[in-house]
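First comes the structure, then the notes that go with it.
Nothing in this text is a laboratory measurement; each read-out follows from the coordinates by a stated rule. These numbers come from a predicted model, not from an experiment. Positions of Cβ are backbone-derived with ideal geometry, glycine not excepted, and every protein chain shown enters the neighbour counts.
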Amino acid sequence: MDMNMDPEDQLKAEETARIREESEEKLALAWGEVAKTGAGKFVLKDLSERCNFRNSCIGNVNAPNANAVIFQEGKRAVFNHIMFYIRHDNERRKQ
């Protein structure tokens, strides 16, 4: 934390960080549980395909459309967000 920060503000910042960390852990646990089920695996497979997880976001390399690329990258970002928590939960379980 910032050493010049007011002690009360520092306590608030630490509490906010603690709450955020707890929330991140709960989210990782929840996504990890989803990923273990047959239905969860089915949904994640569908999302990976719909979000173009393994494909380029540039449809036409000769005439790329910036808006289309931004849209496709947004879909990939959502899938990557989900996978981050699933991986985090898997790593936590290995420890």
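General observations
- In the range 54-67 there is no residue matching the filter, namely being under 25 Å from L27 (Cβ atoms) and either touching a Lys or Arg at 6+ places or on another chain (Cβ under 9 Å) or among the hydrophobic types (A, V, I, L, M, F, W, C) (or both).
- Residues satisfying the stated conditions in the range 46-71, i.e. surrounded by 11 or more Cβ atoms within 10 Å (Cβ to Cβ) and among the basic types (K, R): R50
- Residue match in the range 51-72 (condition: assigned to a helix (DSSP H, G or I), among the charged types (D, E, K, R) and at negative phi): no
- Positions within the range 18-35 being of a type in the set (D, E, K, R) and either surrounded by 13 or more Cβ atoms within 10 Å (Cβ to Cβ) or in contact with a Leu (Cβ under 8 Å, 6 or more places away or on another chain) (or both), in sequence order: E24, E25
- Those residues of the range 72-95 which are among the hydrophobic types (A, V, I, L, M, F, W, C) and surrounded by 12 or more Cβ atoms within 10 Å (Cβ to Cβ), in sequence order: V78, F79, I82, M83, F84, I86
- Selection count where residues are in contact (Cβ under 8 Å) with a residue 12 or more places away in the chain and either aromatic (F, W, Y) or farther than 24 Å from E73 by Cβ (or both), scope the range 35-62: 1
- Output for the range 2-17, where each listed residue is surrounded by 11 or more Cβ atoms within 10 Å (Cβ to Cβ) and either touching a residue at least 40 places away in the same chain (Cβ under 8 Å) or outside any helix (DSSP H, G or I) (or both): M5
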